[in-house]
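Let me begin by presenting the structure, written as structure tokens, before commenting on it.
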Amino acid sequence: MARPCRILLLENAMRRQTRNPYGPFRMGIQSYSMRKFSFQEALRMTRELGLEYVEAFPMHLPYFAPPEKWRESARMIADSGRKLIAYGVVSFGRDEKNARQVFEFAKAMGIEVITADPEPASFGFLNRLCEEFKIPIAIHNHGPGSRYDTIRSIEEAMRGQPRWIGACIDTAHLLRSGENPVEAVRRFGKERVHAVHIKDVKDRTQYTRLGKGDLDMVGFLRALRQIDFKGSFALEYEEEPDEPMPALRECLQALQEAVRRM
């Protein structure tokens, strides 16, 4: 039986009073890392990892479910003592009605940022929805050949858009495209970096555990600290989906070490 929510909330408060091993960052996890498990199990695993924050991917927590399911999911998250602060990656096309449903879901769930792969034609109504719901969009870069695969392609998408339209920097995907995640932070700046997916890759082809690939983790963290980044900061590990916990623990240990050195 789950312990009462108030006990879990007290645990979280006590944890915040102690030194954060992730420095100034609100360390969380992208639930895609636990995609072979139910969302309830993913929340339990997140707690076992000592993390408070979660970014849910849509198959774990479908926005297209009826509102009564939203309320049920909100209760489950509250009972777990975790905090859902981000959601995605969502593909926005030309359907404004569908986009509005995503924002209504996000507002109902207390989500702070939506990570997204928006079609250029969607920006007109996304701007209006961001302003109406006070929830920003973070353009998520994917690998080589995708719509948003380079620093420049994201900059071009954000050009002329209000600050509601920013970036979710996926470090491994930028490396796969031959880009430098540290440079991405510097060029996008405080007003546009809304979220981060931190993961590692070797030689632009092989995903690795954090610290085993080519990511300059210390430099990346320093760059985020320099812009006073307060957004969603999510570990994402795509390998070993059947048994991800050992790898996730190792990634978090490497990240803690990098925080000590930043």
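Odds and ends about this structure:
- Cα→Cβ-extended label distance, 7 Å offset, between ARG128 and ASN20, nm: 3.7 nm
- Part-to-part distance (alpha-carbon centres) for segment 126-204 and segment 64-114, which is given in Å: 21 Å
- A Förster distance of 30 Å, applied to the separation of the beta-carbon atoms of LYS190 and ARG35, puts the FRET efficiency at 0.45.
- Charged side chains reduced to their Cβ positions (Lys and Arg at +1, Asp and Glu at -1) give segment 202-262 a dipole of some 480 debye around its Cα centre.
- Principal axis analysis of the Cα atoms in segment 185-262 yields extents of 37, 23, 23 Å, listed in decreasing size.
- Inter-label distance, nm, simple model (7 Å from Cα along the C-beta direction), GLU155/GLN226: 1.5 nm
- Remark: the chain carries a charge dipole of roughly 860 debye about the Cα centre, counting +1 on each Lys and Arg Cβ and -1 on each Asp and Glu Cβ.
- DSSP assigns beta bridges within the chain; of those with both partners inside it, close to 10 percent run antiparallel.
- The chain: relative contact order as a whole-number percent, Cα under 8 Å and 6+ apart: 19 percent
- Extension gain (nm, one decimal) between ASP242 and ARG260, 0.36 nm per residue minus Cα-Cα: 3.4 nm
- With one equal scatterer per alpha carbon and no solvent term, the Debye-computed log10 I(q)/I(0) for segment 79-221 at 0.09, 0.11, 0.12, 0.18 1/Å reads -0.28, -0.41, -0.49, -1.01.
- The calculated Kirkwood hydrodynamic radius for the chain is 18.6 Å, given to one decimal from all distinct C-alpha pairs.
- Packing rank of 251-258, 152-159, where each peptide gets the mean count of other beta carbons within 10 Å, highest leading: 251-258, 152-159
- Only helical runs count toward this figure. For the chain, summing -39,500 (n - 2.57) over DSSP H runs of n ≥ 4 and dividing by all residues gives -13000 deg cm²/dmol at 222 nm.
Bear in mind these aren't lab numbers, they're just calculated from the coordinates by the rules spelled out. Fair warning: this is a prediction, and the values are worked out from it, not measured in the lab. All Cβ positions, glycine included, derive from the backbone under ideal geometry; neighbour counts span all protein chains shown.
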